[in-house]
Ligand code: FES
C-alpha cells in the first residue's frame, strides 16, 4: 500500500486488520542463529511473525525469558540450539532440553498450550531447516489463535 496525500490516516489496511501471531525465537549464536542467517543469505523466506533473539547458547536461555515473552504478548516461543553433542559450551543444549521439558509442563499449569513452546535443533548449515521450523510454528500458532492470558 502506498501512502498518498489522499490516503486516510489511521484506517487499518487489510493487512493490519488480519491477526498476525507474535513469535519470539531464542537462537544460539553458533548454530541456529547462523542457520537463520544462512537462510537469509540464501533468500529462503520464513514467516515474518517470528522475531529472533540471539543468545550465546541455548543454555543461556533462562526460563524467565520464556515467561517474560509470553507475559509481554508473545503467542509462541521457539528455542533453538546446536544439535545434541555439538554445543559450543559442551552441555548447554542438554540443559535446555531439560528446561524446555519442564517449562512445557509449567506453562500448561498456567493454561498455556505447551505447543506454543517449541524446541528445535538447527545447525549452521541448516538454513532451510530453520525456515521450515519458523513457518511450521507460525502455522501452528495461527491454528491455535492468539494467546489470551488469564482467560
Ligand atoms: Fe549452540 Fe550451546 S552453543 S546450543
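Throughout, read-outs are computed from the coordinates displayed, never taken from laboratory work. As the structure is a computational prediction, the values presented were derived from the model and not from experiment. Cβ atoms come from the backbone with ideal geometry, glycine included; neighbour counts cover every protein chain shown.
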Notebook entry, point to check: Listing 56, 149, 137 from the residue with the fewest other Cβ atoms within 10 Å to the one with the most, what is the order?
Noted result: 149, 56, 137
Notebook entry, point to check: Does anyone have the angle between helix 92-109 and the longest principal axis of the chain? Alpha-carbon axes, 0 to 90°, nearest 10?
Noted result: 50 degrees
Next item on the list: Using only Cα atoms, tell me the angle between helix 32-41 and the longest principal axis of the chain; keep it within 0 to 90° and round to the nearest 10.
Entry: 40 degrees
Checklist line | nm² value of the averaged projected area, convex hull over the Cα atoms of the chain | finding: 10.3 nm²
Item checked: Computed over region 20-142: relative contact order in percent, which uses C-alpha pairs under 8 Å that are six or more apart -> 40 percent
Check: Order of 122, 53 from fewest to most other C-beta atoms within 10 Å?
Finding: 53, 122
Note to self: Based on alpha-carbon centroids, what's the gap between region 78-151 and region 22-44 in Å, whole number please?
What the structure shows: 14 Å
Check: Hey, what angle do you get for helix 127-144 against the long axis of the chain, alpha-carbon based, 0 to 90 degrees rounded to 10?
Finding: 60 degrees
Next item on the list: Please order 50, 77 by the number of other Cβ within 10 Å, starting at the fewest.
Entry: 50, 77
Item checked: Candidates 38, 106, 119: whichever shows maximal mean-square fluctuation once the chain is modelled as a Gaussian network with Cα springs under 10 Å -> 106
